[in-house]
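For reference, the structure is listed below as structure tokens.
The values are calculated or read from the model by the stated rules, or taken from the named source; none is laboratory data. Keep in mind the model is a prediction, meaning the values are calculated, not measured. Here the Cβ positions follow ideal geometry from the backbone for every residue, glycine too, while neighbour counts run over all protein chains shown. Note: accessible area is taken over every heavy atom of the protein model, side chains too, but ligands, DNA and RNA are not part of it. Shrake-Rupley method; radii C 1.70, N 1.55, O 1.52, S 1.80 Å.
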Amino acid sequence: MKVTIVGAGNVGASCADSISYRGIASEVVLLDIKEGFAEGKAMDISQCATNTGFNTKVTGVTNDYSKTANSDVVVITSGIPRKPGMTREELIGINAGIVKTVVENVLAHSPEAIIVIVSNPMDTMTYLALKTTGLPKNRIIGMGGALDSSRFRYYLSKALDKPSNDVSAMVIGGHGDTTMIPLTRLASYNGIPVSEFLSEEELAKVAADTMVGGATLTGLLGTSAWYAPGASVAYLVDSILNDQKKMIACSVMLEGEYGQNDICIGVPCIIGKNGIEQILDIKLSDTEKEAFAKSAVAVRNMNADLKSVLA
């Protein structure tokens, strides 16, 4: 199995490292426009092999899409990272042109690939990729919900003082500080609702911390996070390449689900060898429905800025 990652910055390199270390793919190609940058990152990752035991072939290339040919999955992290004080929405004008060009180039060499979008604003970039390629919606996947859900589980584990892997929880809605919806009602600790252990006030704080989880890290690091995004991509790619049928919150085109049409937004999906194999239209409470509708409006407002790109 071959995976191409476009963009060798912190997030892209972390994706390559996580996929290689876990042996998810037999070959990883890391591509960047900066001369020698992807080559250096690939060499550095490859030199970990003897000490960590992985056998994945990792190759770096500078803007040569022919080396990405016959990729099974292409991960797009290209674009400028979010800076302190910058919202994901502000990135749209710059990153839309980058993502459109990248998608066209990778599909020219890997026409059957499943595309995973990481670039921000992620829901809007997923929508852009789908509209400009005309691909079936199962082959364009926005990664954000997987990352937001991992952060939700982290904050729940802190509040519970229990291991994150014993916590089950999901975030739906837009991948933005004000648009994501942590489903506290459905979160559980080893099958028991977390509301049995945490008060309403504590759950509200967990949800609030989750929603600003990315911005919190940006403030601390001076740029976007990369370890958790890289691990989240690897988790998603693993489910695709190994047909694991995992339920993962992903940004996908809705066609009536959750009362929405013509929008890419985060909902629970079954992920397998065909990409998005099923959208789970779960029953939301009235409060959750209202929050989801508001989130959809915010995502649509960002999508409106794509008119010039889609024209």
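Overview of values
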item	result
Lone unmet requirement of (1) modelled with pLDDT of 95 or more; (2) more than 16 Å from the chain's Cα centre (by Cα) for LEU306	(1)
Count of the stretch 223-247 residues which are hydrophobic (A, V, I, L, M, F, W, C) and in a loop (DSSP other than H, G, I, E, B)	2
Test for GLU290: is it in a strand (DSSP E or B) and of a type in the set (Asp, Glu)	no
Selection count where residues are aliphatic (A, V, I, L, M), open to solvent by 20 Å² or more (accessible area, probe 1.4 Å) and in a strand (DSSP E or B), scope the stretch 253-287	2
Any chance ALA16 is at pLDDT 95 or above, under 20 Å from ILE141 (Cβ atoms) and of a type outside the set (D, E, K, R)	yes
Answer residue from the stretch 1-10, given it is assigned to a loop (DSSP other than H, G, I, E, B) and under 17 Å from the mean Cα position of the chain (by Cα) and is surrounded by the fewest Cβ atoms within 10 Å (Cβ to Cβ) among those	GLY9
Leading residue by the ranking (nearest to GLU112 (Cα to Cα)) among those in the stretch 294-311 that are of a type in the set (A, V, I, L, M, F, W, C) and surrounded by 15 or more Cβ atoms within 10 Å (Cβ to Cβ)	VAL309
Long-range neighbours under 7 Å by Cβ, at least six apart or interchain, first residue free of Cβ contacts under 8 Å to residues at least 40 places away in the same chain and closer than 23 Å to GLY134 by Cα within the stretch 237-259, second open to solvent by less than 30 Å² (accessible area, probe 1.4 Å) and part of a loop (DSSP other than H, G, I, E, B)	LEU254/GLN260
Number of the condition not met by ILE192 [criteria: (1) in contact with a Cys (Cβ under 8 Å, 6 or more places away or on another chain); (2) free of Cβ contacts under 8 Å to residues at least 60 places away in the same chain]	(1)
Qualifying helices (runs of 4 or more DSSP H) (wholly inside the stretch 11-123; at least 2 residues being open to solvent by less than 30 Å² (accessible area, probe 1.4 Å) and within 21 Å of PRO229 (Cβ to Cβ))	37-46, 92-109
Selection within the stretch 187-222 - in a helix (DSSP H, G or I), among the hydroxyl-bearing types (Ser, Thr, Tyr) and open to solvent by 20 Å² or more (accessible area, probe 1.4 Å)	SER195, THR216
